[in-house]
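Visitor: Please read through the structure below; I'll follow up with questions.
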Amino acid sequence: MRSERVSHLFSFPQAGRNTLKFPEICQDFVKKASILQSPPDRINSCNFTVSMFDRIPFSDYSKRRRKEGGKMIQAFKHDENNVLAEMSLEQLDKGSWINCAAPSQEELSHLNELTGIPVYSLQTALDREERSHVELEDDYIFVVVNTPVVLETDAYDALPLGIFITKNYFITVCLEQNLVVKKFLGNTFTSFRTYKKTRFLFQILSQASSSFLFYLQQIYKQTDVIETQVRKSLQNKELFRLLELQKSLTYFNFALHANENVMERLMRLRNSPLHSLLKMYEEDEDLLEDVIIENKQALEMAEIYTNILMSMMDSFSSIISNRLSQIMKFLTSVTIILATPTLIYSLWGINVPVPFESSPFGFVEVTLLGVAVTVAVTFVLWKKNML
């Protein structure tokens, strides 16, 4: 699971994500973040066990969906006019698309009766930590692909989307409403057909890669905005936002690597006679090749933006240290200036004979002496750039 690999670096206390102080995480983060840019085989060797976020059971998602009035299971099919039409589960026909978002246990059992897919396989698709992979069974093909999801303003993560291809149906299962699936529900793709199951699968992969590219561009824009704000204020809030974006890029990096493995596995199956459910035509192969290229572009962008953010974090840490040094130097100079007249006036306060004690203008002379020495010390410190 992804949390076993990366989330040890970014674990937060139960009280909330904002309760952790920046110095407690930044130093360890800079040291360990290089692990997350390693290839998947190196990442797999890391045995981390702490979860980044408190995951919500899929039953809670189902309750929330019901409260919002959303449908858990929907069925669609293109009609004779190539218009995507919703249909009831009792009218399912060959070539239909079944979309499940946060289904309950009873609905999973109902879906099992309709499609013949085991319940445990359907539950696997609802595991938020499920890795992208391809499973070939006798009656169906099971594909898990990572899709981007927005957690909050500056926080992103990857959400697994389960795809089942059977002889009659195309099924998508997700823990919550998926942004990638929503775009197909709008029927905005000209070549999208529910009965062209292999092409539909590759179009989902393509849309997932495009969504990653879109959010990577959003992260880059947010980085520019935060950089401008940090130059002015250098508050911990802005540094936390940078750290949040860094973690998002880490999750994207891992998710894109996993999706790349899925695409390469599907490419190897194009000439394989082992499974009749995955039929590829020349157009499908071209689409898959384009998806692989697009996914590699997203992966390269994620790596580049990760390096940029790490460089920014190092630079801002140096800037903070330099500003702190400037402040300490200024305070030290002010302390010296204030200590100078104090020392002089203290010497004239001792209970022994001192100069000017018999002079009627002794007080004025000692005061002027303290002021003159203070001005001289101030001038010296100013010449040495201490003020």
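Visitor: Give me the Debye-computed log₁₀ of I(q)/I(0) at q = 0.12, 0.14, 0.18, 0.19 Å⁻¹ for the range 230-374, equal point scatterers on Cα only, no solvent, two decimals.
Guide: Ignoring solvent entirely, the Cα scatterers give -0.77, -0.85, -1.04, -1.09.
Visitor: So how do 320-327, 365-372 stack up, highest first, on mean other-Cβ count within 10 Å?
Guide: Values: 320-327: 10.6, 365-372: 15.0.
Taking the mean over residues of other Cβ atoms within 10 Å, the ranking is 365-372, 320-327.
Visitor: Next question, about the same structure. Subtracting the Cα-Cα distance from 0.36 nm times the residue separation, let me have the gained length for residue 229 to residue 376 in nm, one decimal. Don't skip to the answer; put the middle values down first.
Guide: Values: separation 147, 0.36 × 147 = 52.92 nm, distance 3.99 nm.
Answer, rounded to one decimal: 48.9 nm.
Visitor: Taking a threshold of 25 Å on the Cα-Cα distance, which of the pairs 77/279; 232/383; 221/296 fall above it? Intermediate results must be reported in sequence, preceding the final value.
Guide: Details: 77/279 20 Å; 232/383 28 Å; 221/296 21 Å.
Flagged as over cut-off: 232/383.
Visitor: Which aspartates and glutamates does residue 94 reach when only Cα atoms under 16 Å apart count, and residues fewer than 8 places away in its own chain are ignored?
Guide: Counting by Cα, and skipping residues close in sequence, residue 94 has these aspartates and glutamates nearby: 79, 80, 86, 113, 139.
Visitor: Also, quick follow-up: What residues qualify as long-range amide H neighbours of residue 194, i.e. H under 5 Å apart, gap of 5 or more or another chain, H built at 1.01 Å from N?
Guide: 78
Visitor: On a full-extension model of 0.36 nm per residue, what is the gain between residue 82 and residue 270, subtracting their alpha-carbon distance, rounded to one decimal in nm?
Guide: Details: separation 188, 0.36 × 188 = 67.68 nm, distance 2.69 nm.
Stretched out fully, the residue 82 to residue 270 stretch lengthens by 65.0 nm.
Visitor: Report the Stokes-Einstein translational diffusion coefficient (µm² s⁻¹, integer) for the range 276-361, Rh taken as the Kirkwood radius over Cα pairs, at 20 °C with viscosity 1.002 mPa s.
Guide: Details: Rh = 20.6 Å.
D, rounded to a whole number, is 104 µm²/s.
Visitor: Quick one: if you stick a label point 7 Å off each Cα along the C-beta vector at residue 290 and residue 236, how many nm between them?
Guide: Label-label distance for residue 290 and residue 236, simple model: 4.9 nm.
Visitor: Assuming 1.002 mPa s and 20 °C, estimate D for the range 129-256 with Stokes-Einstein, Rh taken as the Kirkwood radius over Cα pairs, in µm²/s. Show your work: numbers first, answer last.
Guide: Values: Rh = 16.3 Å.
It diffuses with D of about 132 µm²/s by this estimate.
Visitor: With a sphere of radius 11 Å drawn around the Cβ of residue 200, what net charge do the other residues whose Cβ falls strictly inside it have (Lys, Arg +1; Asp, Glu -1)?
Guide: On the way: positive: 193, 196, 197, 199; negative: 284.
Overall, the nearby charge balance is +3.
Visitor: Can you list the chymotrypsin sites (Phe, Trp or Tyr not before Pro) in the range 339-377 that are in a DSSP coil and have 11 or fewer other beta carbons within 10 angstrom?
Guide: Details: sites: 345, 348, 356, 361, 363; in loops: 348, 356, 361.
Filter output for the range 339-377: 361.
Visitor: If eta is 0.890 mPa s and T is 25 °C, what Stokes-Einstein diffusion coefficient results for the range 139-203, Kirkwood Rh from Cα pairs, in µm²/s? Mind showing how you got there, number by number?
Guide: Values: Rh = 12.9 Å.
Taking Rh from Cα pairs, D becomes 190 µm²/s.
Visitor: Roughly speaking, what is the stretch gain from residue 357 to residue 155, that is 0.36 nm per residue apart minus the C-alpha to C-alpha distance, in nm to one decimal? Working shown, then result.
Guide: Working: separation 202, 0.36 × 202 = 72.72 nm, distance 7.28 nm.
This chain segment gains 65.4 nm when fully extended.
Visitor: If you don't mind, another one. Taking a spot 7 Å from the Cα of residue 330 along the direction of its beta carbon, which residues of the range 359-387 have an amide N less than 11 Å from it?
Guide: 387
Visitor: Can you put 306, 340 in order of Cβ neighbours within 10 angstrom, beginning with the fewest?
Guide: Numbers: 306 22, 340 18.
By the 10 Å Cβ count, ascending: 340, 306.
Readers should treat all values here as calculations from the given coordinates under stated rules, not as data from a laboratory. Since the model is a prediction, treat every value here as computed from it, not as a measurement. Heads up, the Cβs are rebuilt from the backbone with ideal geometry, glycines too, and the neighbour counts pull from every protein chain shown.
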